[in-house]
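Here the structure is laid out as structure tokens; the discussion comes afterwards.
The values are calculated or read from the model by the stated rules, or taken from the named source; none is laboratory data. As the structure is a prediction and not an experimental result, all values here were calculated from the model. Using ideal geometry, Cβ is built from the backbone for each residue, glycine included, and neighbour counts are taken over all protein chains shown. To get the accessible areas, we keep the full protein, side chains included, count just its heavy atoms, and leave off ligands, DNA and RNA. Shrake-Rupley method; radii C 1.70, N 1.55, O 1.52, S 1.80 Å.
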Amino acid sequence: MASVPTNNRSRKTPPHEPSDEDLRAARPPRLADQLYDRLLQQITYGKYPEESRLPSEFDLCATFGVSRPVVREALFRLQADGVIVSQRGAGSYVRKRPSPELIRLAPIGGLAELVRCMELRSAIEGDAAYMAAARRSDDDLAIMAKALEDMRIAFEARQVGNDADYRFHQAIAAACGNDLFVTTLQSLSQQIFDYMRVMRSLALSSAVTRGQQVQREHECIFQAIRDQQPEAARDAMREHIHNSRMRTLDENFLPARKR
């Protein structure tokens, strides 16, 4: 499973400076990410059903030709994502099964990176929503409202609508009045756009109520920003990103009802 090193000395220097996207494409996935993807695929396609026990760390090392630290990192990520549960001395057991559509829609070898991106987004965009609620202008609200309406139209037409979704989140970053939030999201634009495409496509392929829930979550974020409620805006954003992550990894996930 380990990547085979290549000798790049004989290659000609490219006529232009490589873009960030070129560099991402040229960089092979980390071994732990590769193993994460492989195990997630095997769980998704039923090789390891729910409640079943995964092979031991020793057996995984032998099967995939990787070290124990690589196996432990991949298992830790799967446990953090709620896919497996690990019990000291008893091994790791499958807790839930993602939708097969996730494997079909996600970029090849990019599942682990997409999920890690959601963790970063929760931290950055939660505070972005907080500041946007305190600093937004009427023009900012108009841009958010237009993106929100475009998401609604896309949903009713059974279209993915990830472009409108991305514009909504970018408008919130812009409303902070701090350019670093905008540039940070722009630096993650490919991962974010890929994730939104996957998440919204999964919502379209499932029950209508799932897409409606996604729309409601965006409306809650908008309303808190419109009403200048910073803490409510931050909570709504973090709840949306958390729910989005859980919906992606668990085809049966339902958000907890608020009391």
Task: Lys, Arg +1 and Asp, Glu -1 on Cβ, resulting dipole of the chain about Cα centre, debye, nearest 20 - done: 840 debye
Open item on the list: Just to be sure I understand the model, the point goes 7 Å from the Cα along the line to the Cβ. What's the resulting residue 146 to residue 41 distance in nm?
Closed with: 4.2 nm
- [ ] Using the charge dipole of region 66-161 (Lys, Arg: +1 at Cβ; Asp, Glu: -1 at Cβ; taken about the Cα centre), state which of 79, 157, 115 has its Cα farthest towards the positive end.
- [x] 79
TODO: Just the number, please: carbon plus sulfur as a percent of the accessible area of the chain, 1.4 Å probe, no ligands or DNA/RNA counted.
DONE: 51 percent
TODO: Beta carbons within 10 angstrom, averaged per residue: use that to sort the peptides 118-125, 37-44, highest first.
DONE: 37-44, 118-125
Task: Computed over the chain: relative contact order in percent, which uses C-alpha pairs under 8 Å that are six or more apart - done: 21 percent
- [ ] Could you state the angle between the C-alpha long axis of helix 230-249 and the longest principal axis of the C-alpha atoms of the chain, as a value from 0 to 90 degrees rounded to the nearest 10?
- [x] 40 degrees
Open item on the list: To test your reading of the geometry: what angle, between 0 and 90 degrees and rounded to tens, separates the Cα axis of helix 162-175 from the longest principal axis of the chain?
Closed with: 60 degrees
Task: Degrees between helix 31-44 axis and first principal axis of the chain (Cα, 0 to 90, nearest 10) - done: 80 degrees
Task: Signed unit charges on C-beta, dipole axis of region 149-255, positive-most listed residue 171, 222, 212 - done: 212
- [ ] With no solvent and one equal point scatterer placed on each C-alpha of region 95-171, evaluate the Debye formula and give log10 I(q)/I(0) for q = 0.18 Å⁻¹, two decimals.
- [x] -0.95
- [ ] Within the set of other residues whose C-beta is less than 15 Å from the C-beta of residue 69, count the net charge using Lys and Arg as +1 and Asp and Glu as -1.
- [x] +1
Task: Difference of contour (0.36 nm per residue) and Cα-Cα distance, residue 79 to residue 205 - done: 42.8 nm
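Accessible area per residue, 1.4 Å probe, Å², for the chain: what's the number?
So the chain comes to 55 Å² accessible per residue, rounded to a whole number.
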Task: Net +/- balance of residues flanking residue 48 in space, Cβ distance below 13 Å, scoring K and R +1, D and E -1 - done: +3
